[in-house]
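A.B. asks: My questions all concern the structure below.
The values are calculated or read from the model by the stated rules, or taken from the named source; none is laboratory data. Predicted model, so just to flag it, every value in this text is computed and none were measured. Counting neighbours? That spans all protein chains shown, and the Cβs are built from the backbone with ideal geometry, glycine included.
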Amino acid sequence: MVAALVGAPNSGKTTLFNRLTGSSELVANWPGATVEMKVAHIRLGDRVVCVVDLPGVYSTSGTGAEEEVTRNFLLENRPDVIITLADGAALERGLALPLELLEAFDNVVVVITKADMLGERGIEVDVEGLERELGVPVVLVSALKDLGIDKLLEVVIRKPVRRGKGPLLDMLLGDLKPYVERLAGLITGSDEGVLEPARARWLAVKLLEGHDWVPRYLEKLLGPERARRVAEEAERIREELRGRGIDLAIELVKRRYDYASRLYERYVAHRPRAREEGQAALGLSRLDLVFLHPVLGPLVSLGTLFLIFLATFSVASGWPLDDILRHLGYTGAADLVDEYSLQNLVAVVMDWLAEQVEGAIPNPVLARMLGEGLLSSGYGLGLVLTFIPLVAVIMAFIGALEDSGLLPRLAVGVDRLFRLFGVSGKAVFPAMLSLGCNVPGVISARIMDSPTERRAVAFALPLVPCSARLTVLLALATVYFHSAVERALAVFTVYLISIILFLVTLKLFTRLKGGKASEIAIELPPTKRPSGRVVWWFTWDKLRHFLVRAGTVIVAVSIVLWLLANYGPQGYLGEAGGAAESYGASIGRAMAPYVQLMLGVDYERAWRIGFGLLGGFIAKEVFLDSLAAVAPVQGQAAGEYATLKAYALQPWQVLALMLATTLYIPCVATLGTIYGETRSWRLTLAALGYDLALATAAAFAVRALATIL
């Protein structure tokens, strides 16, 4: 049997799903849409129940991708049981979605979530009274505290059916019922069994409310001619009702919420103090007044995100805390932060494991390919695993922000700024994360509300300079610019151009796709201390999907690049190197004219820089190692960065190279993550080509400007 979970965002739906199913779910996209559904199977006695976690929606009538997926699943897949959630923290509003579902379906279980919070706030729900009124089972549940779960499962396995009550829709319609019956009769017609009367009345109401998905659904169900006659009759009824001063869409929504309010007043009791606290929670708290302020809101939101950004990358990778400590003169502390960061510890373990594997395998080629090419922290699986601390820490912060109620407030705070570029304020979080690493930034793009915005943000994020690119920029600036002011100005210029291109790309993408920024019409939930269990579920879910989706692509491409760097026309080049004779160097030579066009360098330096760009595709910091491996004359220049100095670039060439290495194709990890999140090779390859074109144009513009000046 199939049980579908339907609930609003922040209603506790995902927490309940995790409690019911554990972590054995399959994540799938609805055909033709990028919106995810989670599916898991659980055994109850001798029955197997397929639990489907549908996207969070406030209503099934909307036109968004989430509403469309939820509605189509309920109408076309006909689940045996619909488990609809009412948020116990905002129960009066939370009852609206269950009431809408009860208008069309009889096999409904109403679950009131966050039962533990109700007790803490002195709120008592007359469950039996609600059951009598609605005619369906009502269950109080706390997924965090494991309250009511067994009772819910008992109800589900009995496959409830609404009994002893007239259709809920009839009660809401009242004097409007004759109009709806007239249209519903035309929908059912004389063909028995095409559509049951209750479903026909519900579709008639949705058509009269003016929802544009209904004609398409009726055309598929009834055929074009009959659907056209139904639509014409609906328009005649709307005209008749407008003549009476009735807008059916507004009227039915009002009646639905009025009925929810009556249920709340009748079956929910408060202790006096709890009622006062509950009413205060409905208003704006001092925190809300800050985040929603037109001036303070963006500043506080960006400041909060910046602090989270610093904490995240300091814990995961040591950066930028290590640089800050060194600048303040605490070199020893900076070395400790860098050495014992989570990312570095994982890298040390993987490098040790690679060394052990190389020593244990007699065949030197196989040993080095498995050790260096697969397990080391610079390639393949080792590279993927070094991202785990970063992704885990970031996802934990996002989970904590979401569960605490701060995430929607941060999004609202910066919404006005990002809306200028075609996306909602939720884009600020992926953008901030990408300053540290593009991989978790792309993963967190899933918090965007619409598919167009999600794809736009994932497409544009590689233009945001990550910490690895900062390493390259600082190295180039240190070697080729002599004063601190020149170095700072060069790095700042590259960052400024990159951020501007990121914002412009967002605008171009959303305009090209015909999308616009989603309205921040989100409920501001009460702020609370985040639950460790919820944060863990959230983190593990996102981390596992990164490993499965993006990890496979990263491993495969990394091994291919290792083979290119270690094999040439003469075969295996050996551990001693010989990178200049590799297939990778051949690719660098093929890229020489391109590099010469951008930088105006001679052929010998051009192919070596091309080889470096190929290495930077593995990971941006590998660009420096690749340049060093094929430096023009090994040891020609003395001192720190000797091999980098050997390229003898002019300042304008350095600036052009800094822009090119920042903007050109994303690293393999980011590229794999873009594909993992969008499941679109077309979009992934488009991002690769677009970024390469921008890098070429930016570097060539610097060359042209230098020629003019």
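A.B. asks: If D403 passes every condition in (1) surrounded by fewer than 22 Cβ atoms within 10 Å (Cβ to Cβ); (2) over 27 Å from L470 (Cβ atoms) but one, which one does it miss?
C.D. replies: If we test D403 against (1) surrounded by fewer than 22 Cβ atoms within 10 Å (Cβ to Cβ); (2) over 27 Å from L470 (Cβ atoms), just (1) comes out false.
A.B. asks: Just the residues that are in contact with a helix residue (DSSP H, G or I) (Cβ under 7 Å, 6 or more places away or on another chain) and of a type in the set (F, W, Y), please, taken from the stretch 671-709.
C.D. replies: Y675, W681, F700
A.B. asks: Within the stretch 198-237, take every residue that is outside any helix (DSSP H, G or I) and over 20 Å from K177 (Cα atoms) and give me the one that is modelled with the lowest pLDDT.
C.D. replies: So the residue we want is D212.
A.B. asks: Tell me whether the stretch 458-477 contains one or more residues that are part of a helix (DSSP H, G or I), under 30 Å from W536 (Cβ atoms) and within 14 Å of the chain's Cα centre (by Cα).
C.D. replies: Yes.
A.B. asks: Taking the criterion of being in contact (Cβ under 8 Å) with a residue 24 or more places away in the chain, part of a helix (DSSP H, G or I) and among the small types (G, A, S), would at least one residue in the stretch 359-366 satisfy it?
C.D. replies: No, every residue in the stretch 359-366 fails to be in contact (Cβ under 8 Å) with a residue 24 or more places away in the chain, part of a helix (DSSP H, G or I) and among the small types (G, A, S).
A.B. asks: Hey, another quick one. May I ask you to list the residues in the stretch 238-264 that are in a loop (DSSP other than H, G, I, E, B) and either surrounded by 12 or more Cβ atoms within 10 Å (Cβ to Cβ) or touching a Phe, Trp or Tyr at 6+ places or on another chain (Cβ under 6 Å) (or both)?
C.D. replies: The answer is I246, D247.
A.B. asks: What is the one condition in (1) under 25 Å from L183 (Cβ atoms); (2) touching a residue at least 60 places away in the same chain (Cβ under 8 Å); (3) of a type outside the set (V, I, T) that H270 does not satisfy?
C.D. replies: Exception for H270: condition (1).
A.B. asks: Among V337, V349, which is the only one that is surrounded by 14 or more Cβ atoms within 10 Å (Cβ to Cβ) and in contact with a helix residue (DSSP H, G or I) (Cβ under 6 Å, 6 or more places away or on another chain)?
C.D. replies: From the options V337, V349, the qualifying one is V337.
A.B. asks: Suppose we filter V161, V194 for residues that are out of contact with any Leu (no Cβ under 9 Å at 6 or more places or on another chain), among the β-branched types (V, I, T) and at pLDDT below 90; which single one remains?
C.D. replies: Unique residue meeting the criteria: V161.
A.B. asks: Which numbered condition in (1) under 22 Å from the mean Cα position of the chain (by Cα); (2) touching a residue at least 24 places away in the same chain (Cβ under 8 Å) is the only one that L310 fails?
C.D. replies: Going through (1) under 22 Å from the mean Cα position of the chain (by Cα); (2) touching a residue at least 24 places away in the same chain (Cβ under 8 Å) one by one, L310 breaks only (2).
A.B. asks: Which residue pairs have Cβ atoms closer than 8 Å, lie 6 or more positions apart in sequence or on different chains, and pair a first residue in the stretch 672-688 that is over 19 Å from R446 (Cβ atoms) with a second residue that is not in a helix (DSSP H, G or I)?
C.D. replies: L688/I665; L688/P666
A.B. asks: So A334 fits all but one of (1) assigned to a helix (DSSP H, G or I); (2) at positive phi; what number is the exception?
C.D. replies: Every condition holds for A334 apart from (2).
A.B. asks: Is it fair to say L688 is surrounded by 14 or more Cβ atoms within 10 Å (Cβ to Cβ), closer than 30 Å to G551 by Cβ and at pLDDT 85 or above?
C.D. replies: yes
A.B. asks: Name every residue in the stretch 352-367 that is closer than 21 Å to I618 by Cβ and either buried (at least 21 other Cβ atoms within 10 Å of the Cβ) or among the small types (G, A, S) (or both), in order of residue number.
C.D. replies: A354, A367
A.B. asks: Could you give every pair whose Cβ atoms fall below 9 Å, whose first residue belongs to the stretch 486-497 and is farther than 15 Å from P651 by Cβ, and whose second residue is at pLDDT 90 or above and in a helix (DSSP H, G or I), counting only separations of at least 6 or pairs across chains?
C.D. replies: Partner pairs satisfying both residue conditions: Y495/T662; I497/L659; I497/T662; I497/L663; I497/A698.
For (1) assigned to a helix (DSSP H, G or I); (2) touching a Phe, Trp or Tyr at 6+ places or on another chain (Cβ under 8 Å); (3) at pLDDT below 80; (4) farther than 18 Å from Y480 by Cβ, each residue gets a yes or a no:
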{"position": "M598", "(1), (2), (3), (4)": "yes, yes, no, no"}
{"position": "W607", "(1), (2), (3), (4)": "yes, no, no, yes"}
{"position": "L614", "(1), (2), (3), (4)": "yes, no, no, yes"}
{"position": "A628", "(1), (2), (3), (4)": "yes, no, yes, no"}
{"position": "G635", "(1), (2), (3), (4)": "no, no, yes, yes"}
{"position": "W652", "(1), (2), (3), (4)": "yes, no, no, no"}
{"position": "L655", "(1), (2), (3), (4)": "yes, no, no, no"}
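A.B. asks: Mind checking which pairs have a first residue in the stretch 585-598 that is over 17 Å from F623 (Cβ atoms) and a second that is among the hydrophobic types (A, V, I, L, M, F, W, C) and in a helix (DSSP H, G or I), Cβ under 8 Å, 6 or more apart or different chains?
C.D. replies: R589/W607; P593/A606; Q596/A606; L597/F700
A.B. asks: Consider the stretch 471-495. How many of its residues are charged (D, E, K, R) and exposed (fewer than 15 other Cβ atoms within 10 Å of the Cβ)?
C.D. replies: Qualifying residue count, the stretch 471-495: 1.
A.B. asks: A further question on this structure: So, A86, is that one out of contact with any strand residue (DSSP E or B) (no Cβ under 9 Å at 6 or more places or on another chain) and closer than 13 Å to V268 by Cβ or not?
C.D. replies: No: the conditions fail for A86.
A.B. asks: Next question, about the same structure. Can you tell me which residue in the stretch 109-129 is nearest to A269 (Cα to Cα), limited to those that are crowded, with 21+ Cβ neighbours inside 10 Å and at pLDDT 90 or above?
C.D. replies: Step by step, filter the stretch 109-129, then rank; the result is I112.
A.B. asks: Here's another thing I want to ask about it. Say whether the condition of being buried (at least 17 other Cβ atoms within 10 Å of the Cβ) and either under 34 Å from the mean Cα position of the chain (by Cα) or not in a helix (DSSP H, G or I) (or both) is met by at least one residue in the stretch 701-709.
C.D. replies: no
A.B. asks: Further question: Being out of contact with any His (no Cβ under 6 Å at 6 or more places or on another chain) and free of Cβ contacts under 8 Å to residues at least 40 places away in the same chain narrows it down to one residue among L342, L292, L353; which is it?
C.D. replies: L353
A.B. asks: What are the residues in the stretch 90-106 that are hydrophobic (A, V, I, L, M, F, W, C), over 13 Å from W202 (Cβ atoms) and crowded, with 22+ Cβ neighbours inside 10 Å, if any?
C.D. replies: Correct list: L95, L97.
A.B. asks: Only helices (runs of 4 or more DSSP H) wholly contained in the stretch 525-596 count here; list those with 3 or more residues that are touching a Gly at 6+ places or on another chain (Cβ under 6 Å) and either over 21 Å from A628 (Cα atoms) or at pLDDT 80 or above (or both).
C.D. replies: 532-545, 551-566
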